[in-house]
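As structure tokens, the structure follows; a few thoughts come after it.
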Amino acid sequence: MSESRLPTAVELDGDGAHPAAWRYSGRAPGAVLTAGALREGVAAAEAAGFTLATFDDAPVPPSTGVNAAGRLEAGARAAFAATITERIGLAPTLHVTTTEPFHLATQLASLDHAGRGRAAWLVGAANDPESLATIGASPLAPEELRREVRDVVDAARLLWDSWEDGAVIKDAATGRFLDADRVHHVDFAGARFTVKGPLITPRPPQGQVVVLAPAALELGARADIALVGGHDTAALGERAAEARETGTPLAFAEIEVLLGGTDASAAGRAARLEESAAWPDTGRFRYVGSAGGFARLLRSLAGIVDGVRLHPAVLAADLPLLAEHVLPALDAAGLHRPPATGATLRDALGLPRPANRFTAAS
Amino acid sequence: MTEASTGALYDPHARVHLGVFYTGVGPQLLWNDPSAADHVAIGTFVEVARLLERGLFDAFFLGEGLRVRENRGRVHDQDVAGRPDAITQLSALAAVTERIGLVATQNATYNFPADLARRLASLDLLSDGRAGWNIVTTDNAWTGANFRHGGWLAHERRYDRAGQFVDAVTALWDAWEPDAVVATGEAKSWARPGSIGEVARSTDLVDLRAVPTVPASRQGRPVLFQAGDSDGGRELAASRADVVFSANTPYDKAVAYAADLRARLARYGRSADSLRILPGASVVLGDTPDEAVERARWVREEQMSAPRAITFFEQYWGTDLSGYDPQGPLPDIDPVEGELDPSRGTIPIERRTGKLALIARWREQSEQRGLSMLELARQVAPGHPAFVGTPSQVADEWVRYVRTRAVDGFNITPYLIPSALEDIVDKLVPELQERGAYRTAYEGETLREHLDLPPLNP
Ligand SMILES: Cc1cc2nc3c(=O)[nH]c(=O)nc-3n(C[C@H](O)[C@H](O)[C@H](O)COP(=O)(O)O)c2cc1C
């Protein structure tokens, strides 16, 4: 069982989940693209005790420019966060369709080293014409995409195992730095690409980086955490159960959240945001109301889902309320505890460190 | 030296610019010493970057190799191997350093231009204008086996691809107008309409259409380094780079290289001052000249041990030589036909071709002087310490290099982390400062400023 029974992730991209969040960030709109903003965001999330921070991303701008059109690459943001945090997990969204699988596996392994075992990967599968055009390609057919996502995840997981633990032996007597029998070609062959291996980076501290994926990608046991949507708790529960049945160990509910001291003040904030831009329905659960009510909602989800990922409408407003009222209430209910310093993300999630398939095989 | 030889005037005020080329892997890095730091731990990188920042270095520079080196089909086990992704690691370092430039070696053959442009631009913003890109073009199919399109690029076209790649990347970096983002949350829109452009390319070498998501940093764009010594490499440097990371370290070679490069620059209408020349340099210091020489001998012997000598020749013979005595003569058998070992990507060009002639020369050399395999390997393998002496001796030599404009400084390849670098920061830097040839405090904020490069054209 995990150390906390409702591990809590928070999405830190941009100024918040609401498209008009930039108008209420309390800083100049362009500041979201600075190191300072990132530093503040991750520091606040870690201080609040969140288990995991996620960094959304896409190869294309987040909006046309009416709302925010700028965004730093998520892997770089997560890496920057790695050396200024000590406990929180870090999960950039990296897309399987617009990157090289080998680079992606290297970047994530490196993030795990830099974060001393706190890296996760939120699997992205951008398949719109604009995203694919950035690499001179066209969208994949649904079946092709399904296969491609699986292939890239399989390739990354193989590459993370390509160096066995303890492959670096530094044996002065024989002059060998590493044991060549413990560093492996992977010879991965997917439908659309092959990878020889081994990775250029030794095995990540967690053995395998934690893999999060939207449940719709149907990754089954390839993912460690499925992210499930649903407009009510019943739907969340059903989808979580479905995801677990396919072999994903954990299912986290996706929840968009806009808080106020009271339900009325939250509704007032929502109305003001709505005047600037509509908040499109993405299929996620959405909560608009008092912080106290939100804490009760989360308590009711324990046992139905294995964790939650929160998408604060406006980080500058909602993150402090989550920190002050919501996480402490979960803590008091024995449902949540900040990750321990020095623990890996797997430790915090109660996920075992996987055996290496090459070690297991030999 | 006069202008005629280097293509630039003697400059009595010239300063030495220093970077560290942190390969993180390879034969030059000693692992067999108790003081050698953990080569993968983030703490080692943080410690080194902060040390160099204390030494007022321009740049901390990560190398890249996209396939783990092998010897006859097996992972090469004698050298330090395994390193992080450069941009990931430098982003992590950006958070805990303040001034030092952060340069990522990144390959133009096995990356997607828009993806790489975005990652580098992100590092540039996160470091507030301290990013650089060392453009390399290793194209062999052996490396390509790790990538979607395999060895897709003909060797002769590697610099066509690189040139087009760099042009697409710089266009992406330049696609946001300077004040594209509005000043307040009350404005009509987040970005001024029409202030963010799209970049499209469609050739057989570069094909993309992208609207970039990252604006320019305070230095305008990441500084462009070029490493690669062929004619194509030099043309890429002269046409597009801000800094060359050259392999021409000995003084005479450096002078010839500088003259050649400056002539090329002029052909592109660029001033001699728009490109910094920083050759690689290995440095071995001692408190006395004898101590330095003794230490250099020790470094060389550690770097080329008996098992490594066998492996070194195996790469050229292409066959198992483990039955030969490293203390004995060169193998009497003929080498296997065919290419050199695929680790050739970073083997100098002259060694990649004509291996039979090379082996014939080695035979002659070892017979004439009665050298064993081990002795010969120590003489002929690349990686001899270029600068050996007391801090004062090396400082004098470097001052001559920069004042005669043979180079603008050096990219130091350390043999032992971190102690070899501590010696340079604590002993060599003060000697350079005493000679008025090194800054005594950072004067600028960005990597471009550290390098004294002219501002980018608007
Ligand atoms: C000083 C120096 C350092 C280099 N470092 C790297 C490196 O870290 N990674 C890499 O892939 N290639 C590296 N290279 C290889 C070159 O950048 C280049 O891609 C290769 O030599 C082929 O180009 P050429 O034919 O112009 O030499 C380096 C080359 C030089 C001269």
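For residues in the range B:229-243 being touching a residue at least 12 places away in the same chain (Cβ under 8 Å) and near the ligand (Cβ under 9 Å from one of its atoms), which is farthest from the other protein chains (Cβ to nearest Cβ)? Explain how you work it out, then say what you get.
Step one: of the range B:229-243, the residues touching a residue at least 12 places away in the same chain (Cβ under 8 Å) are B:229-230, B:232-243.
From the residues that got through so far, the ones that are near the ligand (Cβ under 9 Å from one of its atoms) too are B:229-230, B:232-234, B:236.
Working: B:Asp229: 24, B:Ser230: 24, B:Gly232: 23, B:Gly233: 23, B:Arg234: 28, B:Leu236: 22 Å.
Applying the filter and picking the extreme gives B:Arg234.
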note = Residue hits (the range B:16-25; closer than 27 Å to B:Leu432 by Cβ and within 13 Å of chain A (Cβ to nearest Cβ)) are B:Thr23, B:Gly24
request  = Go through B:Ile100, B:Ile135 for me and flag whichever is buried (at least 23 other Cβ atoms within 10 Å of the Cβ) and either outside the structural domain of B:Leu18 (by TED's automatic domain parsing) or within 16 Å of the ligand (Cβ to nearest atom) (or both).
outcome  = B:Ile135
ask   = Looking at the range B:46-54, is at least one residue buried (at least 24 other Cβ atoms within 10 Å of the Cβ), within 16 Å of the ligand (Cβ to nearest atom) and more than 7 Å from chain A (Cβ to nearest Cβ)?
value = no
key: Qualifying positions in the range A:182-204 - out of contact with any strand residue (DSSP E or B) (no Cβ under 9 Å at 6 or more places or on another chain) and within 30 Å of B:Met304 (Cβ to Cβ)   = A:Ile200
task = Keeping to the range A:331-354, report how many residues are free of Cβ contacts under 8 Å to residues at least 40 places away in the same chain, among the aliphatic types (A, V, I, L, M) and in a loop (DSSP other than H, G, I, E, B).
result = 1
key: Tabulated pairs, the range B:86-101, first more than 7 Å from chain A (Cβ to nearest Cβ), second part of a loop (DSSP other than H, G, I, E, B), C-beta under 6 angstrom, 6+ apart or interchain   = B:Ala86/B:Glu64; B:Arg99/B:Tyr442; B:Ile100/B:Phe57; B:Gly101/B:Asp58; B:Gly101/B:Arg130
note = Turns out the helices (runs of 4 or more DSSP H) fully within the range B:248-345 with at least 1 residues that are within 23 Å of B:Asp11 (Cβ to Cβ) are B:251-267
remark   = Heads up, the strands (runs of 3 or more DSSP E) in the range B:156-227 (entirely inside) with at least 1 residues that are within 16 Å of the ligand (Cβ to nearest atom) are B:223-226
All positions within the range A:142-180 that are among the charged types (D, E, K, R) and in contact (Cβ under 8 Å) with a residue 24 or more places away in the chain = A:Glu144, A:Arg146, A:Arg147, A:Glu148, A:Arg150, A:Asp151, A:Asp154, A:Arg157, A:Asp161, A:Glu164, A:Asp165
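If I ask for residues that are of a type in the set (Ser, Thr, Tyr) and surrounded by 15 or more Cβ atoms within 10 Å (Cβ to Cβ), which ones from the range B:275-298 would you list?
B:Ser282
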request  = Residue by residue through the range B:368-387, note down the ones that are assigned to a helix (DSSP H, G or I), farther than 19 Å from B:Gln28 by Cβ and in contact (Cβ under 8 Å) with a residue 24 or more places away in the chain.
outcome  = B:Met373
Selection status of B:Thr44, under 27 Å from B:Leu453 (Cβ atoms) and of a type in the set (S, T, N, Q) = no
note = Given (1) more than 10 Å from every other protein chain (Cβ to nearest Cβ); (2) among the aliphatic types (A, V, I, L, M); (3) within 16 Å of the ligand (Cβ to nearest atom), B:Leu116 misses just (1)
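Any idea how many residues of the range B:69-80 are part of a loop (DSSP other than H, G, I, E, B) and either more than 7 Å from every other protein chain (Cβ to nearest Cβ) or modelled with pLDDT of 95 or more (or both)?
First, pick out the residues of the range B:69-80 that are part of a loop (DSSP other than H, G, I, E, B): B:69, B:72-73, B:76-79.
Narrowing the set further to residues that are either more than 7 Å from every other protein chain (Cβ to nearest Cβ) or modelled with pLDDT of 95 or more (or both) leaves B:69, B:72-73, B:76.
Number of matching residues: 4.
Look through A:Ala137, A:Ala173 and report the one residue that is in a loop (DSSP other than H, G, I, E, B), over 25 Å from the mean Cα position of the chain (by Cα), farther than 26 Å from A:Glu73 by Cβ and within 12 Å of another protein chain (Cβ to nearest Cβ). Quick ask: steps written out before the conclusion?
Numbers: A:Ala137 fails: farther than 26 Å from A:Glu73 by Cβ.
Answer to the selection: A:Ala173.
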note = Out of (1) more than 26 Å from B:Ser230 (Cβ to Cβ); (2) within 22 Å of the chain's Cα centre (by Cα); (3) among the polar types (S, T, N, Q), the one B:Gln106 does not meet is (1)
note = Of the conditions (1) without any contact (Cβ under 8 Å) to a residue 24 or more places away in the chain; (2) more than 16 Å from the ligand (Cβ to nearest atom); (3) of a type in the set (Gly, Ala, Ser), the single one that B:Gly151 does not satisfy is (2)
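Of all residues being hydrophobic (A, V, I, L, M, F, W, C) and within 13 Å of the ligand (Cβ to nearest atom) in the range B:244-260, which is surrounded by the most Cβ atoms within 10 Å (Cβ to Cβ)? Just the residue, please.
Filtering the range B:244-260 for residues that are hydrophobic (A, V, I, L, M, F, W, C) and within 13 Å of the ligand (Cβ to nearest atom), the one surrounded by the most Cβ atoms within 10 Å (Cβ to Cβ) comes out as B:Val244.
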Top-ranked residue of the range A:159-170 - restricted to ones that are assigned to a loop (DSSP other than H, G, I, E, B) and more than 10 Å from chain B (Cβ to nearest Cβ), ranked as farthest from A:Glu100 (Cα to Cα) = A:Gly166
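Scan B:Asp204, B:Asp179 and give me the residue that is modelled with pLDDT under 95, out of contact with any strand residue (DSSP E or B) (no Cβ under 6 Å at 6 or more places or on another chain) and surrounded by fewer than 21 Cβ atoms within 10 Å (Cβ to Cβ).
Numbers: B:Asp204 fails: modelled with pLDDT under 95.
B:Asp179 is the lone residue from the list that is modelled with pLDDT under 95, out of contact with any strand residue (DSSP E or B) (no Cβ under 6 Å at 6 or more places or on another chain) and surrounded by fewer than 21 Cβ atoms within 10 Å (Cβ to Cβ).
The values are calculated or read from the model by the stated rules, or taken from the named source; none is laboratory data. It should be emphasised that the depicted structure is a prediction, and the values quoted were computed from it without experimental measurement. Methodologically, a virtual Cβ is constructed for each residue, glycine included, from the backbone with ideal geometry; neighbour enumeration extends over all protein chains shown.
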